[in-house]
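Bear in mind these aren't lab numbers, they're just calculated from the coordinates by the rules spelled out. No experiment lies behind these values; they were computed from the predicted model shown. Please note: Cβ atoms are built from the backbone with ideal geometry, for glycine as well, and neighbour counts cover all protein chains shown.
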Amino acid sequence: MFTLHAFHPTRGHWNETDLGAVSRLLAEPDVTIWLDLQDPTDEEARVLSEVFHFHPLAIEDMLHDYGHPKLDVYDDYVFLIVHGVDFHSLDLDNGFVVNTLELDIFAGPRYVVTHHSDNPLRSVSELHRDVCDPCHRPWISVRVLHRLLDRLVDNYLPVMDKIGARLDVLEDLIIHRPEPEHLELVLDAKKTINRLRRITGHQRLILESLARGHIDLIPRESIAFFRDIYDHFVRVADISEANREGVQAAVEAYLSVSANKTNEIMKVLTQISTVMLPLTFIAGIYGMNFDIMPELRWTFGYPFALGLMAVTAAGLILWFRRRHWL
């Protein structure tokens, strides 16, 4: 499946339904096109090599999920792989389910070619609506690229903020009412945050290259807009690092609370054992089977033994309280 947008300074915007129109549009000097490929067929993907003449390795990376963000610069175009939040599977109310979708981008002087899976990124869907709005000024390839990356980065921010808020709530629950399922949530959050941190680390370098003017495709007057994207993504990377520290703190809090709880249990058991030890000693003495024992036939022998045990236990308990051990 594909969507082909065409832009002209005077004729405005229109859509083409025939993929064969790409060659004709590229031959017109004032026309800019955006070709969006969504799980293309072999015939649709053939346009990448036969019409655009992209590098075979770049085409291979585009059609097969590469996994990591990357930036390749060629003579007259650039190839980017970026990742955005998958809002179709996002679930931060019941867990820490945050997946990302890969967006592959070829950008040249008068064209932008994008590729993604069946579930398009929100930034792509929003741009499809924006380019159809006649109120927008004429679209050029750099502006299309900027809008894609700008929306993609902005969509990270609320998700990262919500992850941080959920971690704060989870940490409070761990401190006051630790449960085994809380540890499972923390470990799920740790996996998600580490994965996002790896992606944001690679993607930050790509956006920095665009913001520093290292790409000839981006005019000098447009660098400020890409620098703004980079500044926003620096915040995303900083929040990701803060969330990593937060989830580590949550793990340490759970282990600390669990250890304290275990220590309290062991403290109680130790106190019980300490109280029972002298009572067992007394019972052991009077339980010996010798014929000659002064208290063996004494009328008050049994009450005396019980009283001695009670006084010993009470004395130990009072001593524990004075030492603030109980």
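The table for this structure:
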quantity	calculated
Gain upon complete extension [ALA259, THR312; 0.36 nm per residue less C-alpha separation]	15.9 nm
GLU181/ASN119 FRET efficiency (R0 30 Å; Cβ-Cβ; nearest 0.05)	0.55
Size of electric dipole in the chain: Cβ of Lys, Arg +1 and of Asp, Glu -1, about Cα centre, debye, nearest 20	1980 debye
Residues ASN99 and THR17, FRET efficiency given R0 of 30 Å [Cβ-Cβ distance, rounded to 0.05]	0.40
Nitroxide proxy distance, nm - points 7 Å out along Cα→Cβ at ARG220 and GLU28	3.2 nm
Mean Kyte hydropathy of -0.5 or more with a Cα span along the axis of at least 24 Å, helices from DSSP in the chain	156-176, 180-211, 223-286, 301-322
Debye intensity ratio I(q)/I(0), log10, segment 1-136, q values 0.09, 0.12, 0.17, 0.20 Å⁻¹ (C-alpha model)	-0.29, -0.50, -0.96, -1.27
Computed label-point distance, nm, for sites LEU90 and ARG235 using a 7 Å Cα→Cβ extension	1.6 nm
Choice from PHE290, PHE54, PHE79 with maximal GNM fluctuation in the chain (Cα, 10 Å cutoff)	PHE290
Signed unit charges on C-beta, dipole axis of segment 2-258, positive-most listed residue LEU207, ALA21, TYR156	LEU207
Distance between segment 1-79 and segment 191-209 - C-alpha centres, whole angstrom	26 Å
Correct option for Cα Rg over 2.2 N^0.38 Å [calculated from the coordinates] among [x] 1.22; [y] 1.17; [z] 1.77	[z]
Nearby aspartates and glutamates by direct alpha-carbon distance to LYS191 (threshold 18 angstrom, same-chain neighbours under 8 apart not counted)	ASP86, ASP91, ASP93, ASP161, ASP168, GLU171, GLU181, ASP238, GLU241, GLU245, GLU252
Structure-based [θ]222 nm, the chain - -39500 (n - 2.57) summed over DSSP H runs of at least 4, per residue, nearest 500	-20000 deg cm²/dmol
Dipole of the chain, positive end: most advanced residue of LEU173, VAL311, HIS55 [Cβ charges, Cα centre]	VAL311
Cα-projected label distance for GLN271 with GLU50, points at 7 Å along beta-carbon direction, nm	8.4 nm
Computed FRET value (nearest 0.05) for GLU43 with HIS202, which takes r as the C-beta separation and R₀ as 30 Å	0.40
Ranking of ILE140, ILE265 by count of other Cβ atoms within 10 Å, fewest first	ILE265, ILE140
Set of lysines near LYS190 by C-alpha distance (under 30 Å), chain-local residues within fewer than 8 positions excluded	LYS70, LYS162, LYS261
